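Have a look at the structure below, then the notes.
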Amino acid sequence: GPSGLVHYPGVGLSDRYQNHFFLADFRGTPSRSGIRSFAVKPKGASFELTDSHEFIWSILATDVDFGYDGSLYISDWVNGWNGLGKGRIYRFTDTEHAKAAMAAHSAEIMKSGFSERPIAELVKLLEHPDQRIRTEAQFALVDRSALDALQHVALKSSQQLARLHAIWGIGQLGRKTGSAVSGIQTLLHDSDSEVRGQTAKVTGEAGWKAATPALISLLSDSNARVQYFAAVALGKLQTQEAIPALFEVLKKNNNADPMLRHAAILALARIGDTDSLIVAANNESAAVRLGAVVALRRLQRKEVGLFLKDTDPLVVLEAARAINDEPIPSALSNLATVSIHSDMPDALLRRVMNANFRLGTTDSAVTIAKIASDSKVSEPLRLEAIEELNQWNGPSPLDRVLGRWQPLEKRDQIELAGIVGPIVPGLFQSSEKIKTASTGLAANYGIKAAAPLLAEMVIDTKRPVDVRVASLVALNKLDYLKITDVAKTAIKDTKPQLRVSGRNILAQHRPDEAIPVLEQAINKGQTREKQGAIQTLATLKSSAATEILARWMQRLVKQDVPSEIQLDLLKAAEQKQSSELKQLRAQFEANRPKGDAISGYVETLAGGSAARGRDIFYGRSDTSCRRCHKINDNGGEVGPDLSSIGIDKDRRYLLEAIVAPNKAIAKGFETAVLAMLDGKVIVGIIRKETDKEIVLMDAKGTISRVDKADIDERVAGKSAMPEEIVKHLSKDDLRDLVEFLFQQKQKKKETAKKHEG
């Protein structure tokens, strides 16, 4: 986002930049940052962006402003957080138009001030080409209460900007004494639409009720901006007689111009005549009814629930949003009883479901159960219904639609087994995701009748492994009598995930029988089996389990353990209350190599979950990986594109790039920062260097050749990624993130091989 924003004052640049904005487009590194310029042009009651372009680029600009000499001043951070340790202020001057800027004498006028200038001179300065001078003159006239002078300019001047400044000055006086605006009421009928609009604006701010008829007439003005300001003014005047005209604005606009619609709704809400808004439920125009809904929402009125029976789907949805999102608790029961049908928009159905969930009654639970079991409802919403049933007696404090903090008051627990039990068999016949979610539902509410179905799903090799694992876990929670038999069957399965769960459950019920099975898994199982077995052994209160872990820890001290299970062994040794394991762990820590950037993290090199790593990369706000980096066009541009981080880079490189970003950059991906004798700063990756010149490539791929004789100072640029990012990651997180990045590299290799074939 912009770190500095300024409007062109009107002097110093070519006519192209009249009415342009300039912002410091800060993106973390000089090659991607600079000053962006853009303008806006009228579009209905608002504006649209135009002429957006890079005005001055490849400079780490943090702020921007115009001097009174017409020059543009930019604060430059050179190379950011870890750069040269210094900053610069640059002045950019358009030599062709500098004379015109100097001729405006802005600097001299500002230096001498405005408080002692005669009123006639201040009036003349309202026509000055520099916006800053005009504004200072306006404020000076207001300070002197020069109402007559301001009125004369507003009514008689031929210069639009001078008239507007005069109107704004009168508006300032009008906030103190409303009658100050009475002398410019004829301007509500002026031929200049902007004059009409700004006069309406200051009239409303002054609370001048005598202007009501004229303002109402402006609601049908040919210019949308004039309509907008008239509507806002009538809202501030709280003029009830304007309500029919405001409804007419909504009707004619028919939702085409969102700003005009907003102004009319805002006015209706400020007027606050709820009876008129309720009557609007019968208005023939859907746009009027929609406006009434939003106005009632702003007023927090439960009568918004009347619109839930509207014939227009958008009106109904907006009423649901008002009740759920605002929220309006007194109308929650109205939302909960909305009739559900198969073609109902997801956004509406989610809010109906949430209303039932928040009410928490038995009838509400029945409604949610019907949604969960309805095959015509979309899978995501059925899954949401199942999760709501799971949380019914222990709801999360986060709102299920908006995710905001909105804890429910403590409510009576209700018995859900009788509601959930009948729908479970049907859920088990649905999609695989619903089956998986339903196993947890059956276990949560002790639906023992579901046990035979769950047992069948565990041994059904045609089902997805996630469903089978979830079924096994659910059986265990249900205290299934034959759980150990099912667990033993799972241990013999071809799927490692199921074998892991089987061993864990066997260990819970028959630990002595499970220990040799777990030891065998560490010796001969796949990576996830080894990890699962170690984690299970750590939970067993058995000397035999401790002995197994001790033997493996002895091997770890000797560096004779695969990297995939090193972290799991260290965690297990810490978890077990064993002096022997504690001593072995201390030996391992003491043997870590000194001076190696990743020596404290070597156990995270392998064995992670790419899926969990992906969630960290894209979903964790504390690390914000995607904010700066992107993979396959998903993410930000502050840092390097990690989808092409380097096919030949190994896990060690990836880990080092996370825990010691500057060390990793030093291995060929560092940024050279060159401060030149002429004041410029050039940043890029060194592609070639000779005794006389350096060839740099910036982030866009542009090649620059730099004569070494022109370099004032040279440093190796550091990574823009903060070194303390690792503080937000556990070692499990690190291992998962490394695995995710490594798998991305592997995918690219596989793609390359296919193309070669």
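The values are calculated or read from the model by the stated rules, or taken from the named source; none is laboratory data. Keep in mind it's a predicted model, so treat the numbers as computed, not measured. In this analysis, Cβ positions are derived from the backbone assuming ideal geometry, glycine residues included, and neighbour counts consider all displayed protein chains. With ligands, DNA and RNA removed, areas are computed over all heavy atoms of the protein, side chains included. Shrake-Rupley method; radii C 1.70, N 1.55, O 1.52, S 1.80 Å.
Any chance the stretch 490-512 includes a residue that's in a helix (DSSP H, G or I), open to solvent by less than 20 Å² (accessible area, probe 1.4 Å), without any contact (Cβ under 8 Å) to a residue 24 or more places away in the chain and farther than 22 Å from Pro464 by Cβ?
Yes, some residue in the stretch 490-512 is in a helix (DSSP H, G or I), open to solvent by less than 20 Å² (accessible area, probe 1.4 Å), without any contact (Cβ under 8 Å) to a residue 24 or more places away in the chain and farther than 22 Å from Pro464 by Cβ.
Looking only at residues in the stretch 246-262 that are on the phi < 0 side of the Ramachandran plot and out of contact with any Leu (no Cβ under 9 Å at 6 or more places or on another chain), which one is surrounded by the most Cβ atoms within 10 Å (Cβ to Cβ)? Explain how you work it out, then say what you get.
Taking the stretch 246-262 and keeping what is on the phi < 0 side of the Ramachandran plot, we get 246-253, 256-262.
Right, trim to out of contact with any Leu (no Cβ under 9 Å at 6 or more places or on another chain) and you get 251-252, 256-259, 262.
Details: Lys251: 16, Lys252: 14, Ala256: 11, Asp257: 19, Pro258: 12, Met259: 17, His262: 17.
For the stretch 246-262, the residue satisfying everything is Asp257.
In the stretch 32-54, how many are open to solvent by less than 20 Å² (accessible area, probe 1.4 Å) and either among the small types (Gly, Ala, Ser) or closer than 30 Å to Ala256 by Cα (or both)?
Quick first cut of the stretch 32-54, residues open to solvent by less than 20 Å² (accessible area, probe 1.4 Å) only: 33-35, 37, 39, 45.
Of the ones still in play, those that are also either among the small types (Gly, Ala, Ser) or closer than 30 Å to Ala256 by Cα (or both) are 33-34, 37, 39, 45.
So the count comes out to 5.
Quick one: which of Ile694, Ile658 is closer than 22 Å to Gln744 by Cβ, at pLDDT 70 or above and buried (at least 19 other Cβ atoms within 10 Å of the Cβ)?
Unique residue meeting the criteria: Ile658.
Just checking, does the stretch 432-449 include any residue being under 37 Å from the mean Cα position of the chain (by Cα) and not in a helix (DSSP H, G or I)? Don't jump to the end; show me each part of the working.
Step one: of the stretch 432-449, the residues under 37 Å from the mean Cα position of the chain (by Cα) are 432-445.
Imposing the further condition that a residue be not in a helix (DSSP H, G or I) reduces the set to 445.
Yes, the stretch 432-449 contains a residue that is under 37 Å from the mean Cα position of the chain (by Cα) and not in a helix (DSSP H, G or I).
Please work out which one of (1) under 22 Å from Ala372 (Cα atoms); (2) part of a loop (DSSP other than H, G, I, E, B) is the condition Met457 fails and give its number.
Condition (2) is where Met457 drops out.
Yes or no: the stretch 218-235 includes at least one residue that is closer than 30 Å to Gly113 by Cα, assigned to a helix (DSSP H, G or I) and open to solvent by less than 50 Å² (accessible area, probe 1.4 Å). If you could, list the steps in order and put the result at the bottom.
Going residue by residue through the stretch 218-235, those that are closer than 30 Å to Gly113 by Cα are none.
The answer is no, given that none of the residues of the stretch 218-235 is closer than 30 Å to Gly113 by Cα, assigned to a helix (DSSP H, G or I) and open to solvent by less than 50 Å² (accessible area, probe 1.4 Å).
All but one of (1) more than 19 Å from Arg468 (Cα to Cα); (2) open to solvent by 40 Å² or more (accessible area, probe 1.4 Å) hold for Ile548; state the number of the condition that does not hold.
In the conditions (1) more than 19 Å from Arg468 (Cα to Cα); (2) open to solvent by 40 Å² or more (accessible area, probe 1.4 Å), Ile548 misses (2) alone.
Give all pairs with beta carbons closer than 8 Å in which a residue from the stretch 467-484 that is closer than 9 Å to Leu454 by Cα meets a residue that is open to solvent by 30 Å² or more (accessible area, probe 1.4 Å) and part of a loop (DSSP other than H, G, I, E, B); count only pairs at least 6 apart in sequence or on separate chains.
Pairs that qualify, where the first residue is closer than 9 Å to Leu454 by Cα and the partner is open to solvent by 30 Å² or more (accessible area, probe 1.4 Å) and part of a loop (DSSP other than H, G, I, E, B), are Arg468/Asp460; Arg468/Lys495.
Kindly indicate whether Gly403 is at pLDDT below 95, over 22 Å from Ile505 (Cβ atoms) and either loosely packed, with under 15 Cβ neighbours inside 10 Å or of a type outside the set (S, T, N, Q) (or both). So that I can check it myself, show each step before the final result.
Details: at pLDDT below 95: yes; over 22 Å from Ile505 (Cβ atoms): yes; either loosely packed, with under 15 Cβ neighbours inside 10 Å or of a type outside the set (S, T, N, Q) (or both): yes.
Considered against the rule, which asks whether it is at pLDDT below 95, over 22 Å from Ile505 (Cβ atoms) and either loosely packed, with under 15 Cβ neighbours inside 10 Å or of a type outside the set (S, T, N, Q) (or both), Gly403 comes out as yes.
Exactly one condition in (1) over 27 Å from Pro129 (Cβ atoms); (2) over 31 Å from the mean Cα position of the chain (by Cα) is not met by Ser58; state its number.
Status for Ser58: all satisfied but (2).
Which count do you get for residues in the stretch 1-53 that are of a type in the set (Asp, Glu) and more than 25 Å from the chain's Cα centre (by Cα)? Give the steps one after another, and end with the answer.
Taking the stretch 1-53 and keeping what is of a type in the set (Asp, Glu), we get 15, 25, 48, 51.
Next, from what is left, pick out any that are more than 25 Å from the chain's Cα centre (by Cα): 15, 51.
Within the stretch 1-53, residues that are of a type in the set (Asp, Glu) and more than 25 Å from the chain's Cα centre (by Cα) number 2.
Inside the stretch 551-566, can you point out the residues that are open to solvent by less than 10 Å² (accessible area, probe 1.4 Å) and under 41 Å from the mean Cα position of the chain (by Cα)?
Taking the stretch 551-566 and keeping what is open to solvent by less than 10 Å² (accessible area, probe 1.4 Å), we get 553, 556, 565.
Across the stretch 551-566, the qualifying residue is only Ile565.
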